[in-house]
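Just so it is clear, none of the values below were taken in a lab; they were calculated from the coordinates. Only a predicted model underlies this, so the values are computations on that prediction, with no experimental measurement involved. Cβ placement follows ideal geometry from the backbone for every residue including glycine, while neighbour counts extend to all protein chains displayed.
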Amino acid sequence: MVVLNKLYTRTGDKGDTALGNGTRVAKNDPRVEAYGTSDELNAIVGLARLHAEGVIDQQLSRIQNDLFDLGADLCQPDMEKDDQAEYPPLRMVMTQVERLETEIDEMTAVLEPLRSFILPGGSALSAYLHQCRTVARRAERLTVALAAEEPINPAAVKYLNRLSDWFFAAARMANDKGRSDVLWVPGANRE
Amino acid sequence: MVVLNKLYTRTGDKGDTALGNGTRVAKNDPRVEAYGTSDELNAIVGLARLHAEGVIDQQLSRIQNDLFDLGADLCQPDMEKDDQAEYPPLRMVMTQVERLETEIDEMTAVLEPLRSFILPGGSALSAYLHQCRTVARRAERLTVALAAEEPINPAAVKYLNRLSDWFFAAARMANDKGRSDVLWVPGANRE
Amino acid sequence: MVVLNKLYTRTGDKGDTALGNGTRVAKNDPRVEAYGTSDELNAIVGLARLHAEGVIDQQLSRIQNDLFDLGADLCQPDMEKDDQAEYPPLRMVMTQVERLETEIDEMTAVLEPLRSFILPGGSALSAYLHQCRTVARRAERLTVALAAEEPINPAAVKYLNRLSDWFFAAARMANDKGRSDVLWVPGANRE
Ligand code: B12
Ligand code: B12
Ligand code: B12
Ligand SMILES: C[C@H]1O[C@@H](n2cnc3c(N)ncnc32)[C@H](O)[C@@H]1O
Ligand SMILES: C[C@H]1O[C@@H](n2cnc3c(N)ncnc32)[C@H](O)[C@@H]1O
Ligand SMILES: C[C@H]1O[C@@H](n2cnc3c(N)ncnc32)[C@H](O)[C@@H]1O
Ligand SMILES: [Mg+2]
Ligand SMILES: [Mg+2]
Ligand SMILES: [Mg+2]
């Protein structure tokens, strides 16, 4: 169980830190970059929730909890040894990815069809959901960078990939179901 | 023409994705990092616009459209083969850089002169424009990293370089033309 | 003394720039990444201050000033030659780290004890302080990456390490001294 009682320990003052299994690595290790960015994404979801209520707020709350499951997964290396562990690490499961897919399908069913990119922004909620979307994609890039060096749980990358599409659909919902989205006009300001 | 109808395709679940010309690369490829960060910057401009109106809002809208032109430019590699392409890719042009310069000159003409760094913040609009400024600089760093590996359109880097100076001037304008900006006092809190 | 009169010089249009001592480096040099991210953090502190007043606002103001001291430190390489310099560079000192520790201790004394991670968010101030926390950690990772290549002032990393713990305590304070913080429930949404 995670315990937080004494915040600063000074053990990380030289630039190294501990993973979930106790291994010490540099703070700029790809694994720490990956879960550190998932933590940053989680903070931005907290900003979006300042403008959310009802169903969308509950969904964002679930996503925040999921992002800690994701952090727990990413902070535990050596997943090929999971079955030998006394306490098997918490890993992302495909049902978490599928919940996002179901919700995306529900949103897509009511959204205006789209034939160009949309300028991020509009309502406050939509604007923050676009920020979530782009930071989810940054977290995905760093998780893919980690996966190029060490085996990781495939469901982790899938979750992040789906999550940015979820944020896109939700951002459009928050702009009057996409009706007030403003489209990109390629090369509109070249002269 | 960009079409967005089916959001998730699952093709990127293993960590690779397609550039604008169809080439598949890793999601943490320097090119994807560059346009992904331009997209993140675009989302922050969307946040700033929540606090903008009138001329500054129109200027920010133009910048958002430009940032998609920039993304279109960056997602198309092999610019040396542009003249052989059936449909020449959209590329940033110097008139887009020059528009920023003209607007910076206009703002500088009315701003208070400055003799130290300013603490980012003040009015809400100013605070978000400072965030735009620093994320534009992050996008610039990643675009420069890409340029170190592959030839890119020089106007793309110029645009990002000028853009962060534009955001600086605009952030000061939004603080009573710089009159309410608070200066850095070097080493003020060392004892 | 820092002078800002002509914003754009076009000298950086090819992707290189000057450090504090005049040396030219690529804009994606680890040193520029480090102080550029400290600047981004400073901008986010500016956002948090939109929701702060009284003591916490004063503390955030001091942190903003410190972050420019940090930038001044990081932009001056060759710290081993400091004593030969005509004007010794501004460097972070341990009293700045210790001030943070004192403030963390004060906050911890009144905060609810904690036995799991907390979902970032809640009040507006708390939500933005969590964003500060995660960006401080990103700045720390990039500063550690720099330290792996060149000697830097150990107080700089210590300051960033303590700063993210400071933001964590302050974020909890802004949620009714931690009483309204919502805990992570591991694996709550797996089915
Ligand atoms: C990785 C990590 C993070 C990551 C990712 C975490 C995530 N889940 O998303 C991130 C970046 C988010 C993070 C942030 C922070 N963290 Co942290 N984090 C950790 C670390 C290394 C692992 C936590 C984790 O998620 N483990 C996975 C979970 C599922 O594991 P678990 O709950 O322990 O359960 C496993 C075992 O315990 C075992 N088990 C379960 N039950 C039982 C029962 C028995 C009897 C036994 C034997 C075993 C057992 O099986 C489980 C599955 O493997 C811990 C140190 C540690 N090793 O615990 C620090 C740690 C908890 N973090 C710490 C701190 C300070 C923070 C921050 C405040 C830092 C900051 N300033 O931002 C924030 C708080 C964020 C928040 N919102 O609350 C400190 C707390 C210090 C203290 N004592 O107060 C710790 C202890 C590190 C340290 N030594 O400094 N953290
Ligand atoms: C690069 C890219 C991005 C980048 C950068 C784009 C930019 N301009 O800034 C970023 C990161 C922003 C991005 C974001 C997203 N993207 Co995207 N993106 C692409 C990609 C690879 C290229 C788009 C582009 O800008 N092309 C440049 C423009 C100018 O090219 P163009 O309009 O096609 O025009 C050229 C040609 O078409 C040709 N041409 C023009 N007219 C004609 C006419 C004829 C007859 C012919 C033959 C040719 C032709 O000449 C033009 C110049 O070269 C496309 C896939 C693709 N290859 O189209 C996906 C794609 C459009 N994106 C997709 C998605 C899902 C998204 C996001 C929703 C992802 C997310 N969850 O965040 C967001 C939406 C952002 C938003 N705000 O709307 C999907 C859409 C899926 C769908 N069917 O619904 C696509 C199709 C990729 C995919 N297969 O999954 N994207
Ligand atoms: C590093 C740097 C940054 C970094 C970090 C700075 C920090 N402290 O956090 C960051 C990324 C924050 C930054 C941001 C910006 N910067 Co800047 N920055 C610099 C740079 C390279 C060094 C500044 C610095 O902090 N020096 C450390 C301090 C302590 O040094 P100092 O004040 O000069 O004092 C030393 C010496 O002068 C000497 N000394 C002191 N007194 C005396 C007296 C005498 C007689 C003598 C001989 C010597 C001496 O001893 C001191 C200790 O070493 C300068 C260029 C330069 N070399 O000055 C540009 C510079 C000041 N920045 C510039 C610009 C444009 C900006 C931005 C507007 C860019 C943008 N669009 O975002 C922002 C503004 C941010 C803000 N909020 O105000 C321009 C200003 C152009 C102009 N003339 O208007 C400069 C001049 C660079 C350039 N040529 O383009 N910057
Ligand atoms: C919509 C387009 O976005 C790009 N793409 C796919 N994944 C990411 C990511 N994590 N970050 C940035 N860009 C990405 C690809 O080029 C895709 O086709
Ligand atoms: C004002 C100072 O900011 C630094 N500088 C120039 N470009 C960038 C960038 N993209 N990101 C961060 N810092 C930068 C240089 O050191 C310059 O002198
Ligand atoms: C609380 C946990 O956060 C991780 N950790 C320590 N420093 C950083 C940082 N700068 N960025 C991201 N994660 C970090 C370590 O794994 C630590 O144990
Ligand atoms: Mg995707
Ligand atoms: Mg510049
Ligand atoms: Mg720490």
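Given contacts defined as C-alpha pairs under 8 Å and at least six residues apart, what's the relative contact order of chain A, whole-number percent?
Reported relative contact order: 26 percent.
Mind giving me the nanometre distance, one decimal, between the label points for B:V25 and C:D82, set 7 Å out from Cα along Cα→Cβ?
So the two model labels end up 4.0 nm from each other.
Using the 2.2 N^0.38 Å rule of thumb for compact globular proteins, work out how the protein assembly as shown stacks up: its C-alpha Rg over that value, please.
Working: Rg = 22.8 Å, N = 573, 2.2 N^0.38 = 24.6 Å.
The value comes to 0.93.
Do any of B:K158/C:K6; A:K14/C:K158; A:K81/B:K27; A:K158/B:K27; B:K27/C:K27; A:K177/B:K27 go past 19 Å between their Cα atoms, and which?
As for pairs spanning more than 19 Å Cα to Cα, those are A:K81/B:K27; B:K27/C:K27; A:K177/B:K27.
Taking chain B as the reference, fit the longest principal axis to its C-alpha atoms, fit the long axis of helix B:94-110 to the helix C-alpha atoms, and give the angle between the two in degrees, 0 to 90, nearest 10.
10
Angle between the Cα long axis of helix C:124-147 and the longest principal axis of chain C, 0 to 90 degrees, nearest 10?
It is inclined by approximately 40 degrees.
What are the ³J(HN,Hα) values, in whole Hz, obtained from phi via the Karplus relation 6.51 cos²θ - 1.76 cosθ + 1.60 with θ = phi - 60°, for each residue of the range A:180-187 in sequence order, with x given for Gly and Pro?
Those phi angles translate into 9, 5, 9, 8, 5, 10, x, x Hz.
Kindly express, to the nearest 10 degrees and within the range 0 to 90, the angle between helix A:154-173's C-alpha long axis and the longest C-alpha principal axis of chain A.
Result, in degrees: 30.
Would you look at the GNM of chain B, springs on alpha carbons closer than 10 Å, and say which of B:P151, B:P77, B:P120 moves the most?
Comparing B:P151, B:P77, B:P120 in the GNM, the peak value goes to B:P151.
Take chain C, connect every pair of alpha-carbon atoms lying under 10 Å apart with a spring to form a Gaussian network, then pick out the residue of C:I44, C:I63, C:I118 with the largest mean-square fluctuation.
C:I118
At 7 Å along the Cα-to-beta-carbon direction for both B:E150 and A:A18, put a label point, then send me their distance in nm to one decimal.
The answer from the label model is 4.3 nm.
According to a simple spin-label model (label point 7 Å from Cα along Cα-to-Cβ), what is the distance in nm between C:R62 and A:T11?
My value for the distance between the label points is 2.9 nm.
For A:K14, go 7 angstrom from Cα along the Cα-to-Cβ vector, then report the distances to that same point in the other copies in nm, smallest first.
Label-point distances to the other copies, shortest first: 4.2, 4.2 nm.
Under a 10 Å cutoff between Cα atoms, tell me which one of A:Q84, A:Q76, A:Q131 has the largest fluctuation in the Gaussian network model of chain A.
The residue with the greatest mean-square fluctuation here is A:Q84.
Over the range A:18-99, calculate the relative contact order: mean separation of alpha carbon pairs under 8 Å at least 6 apart, over the residue count, as a percent.
35
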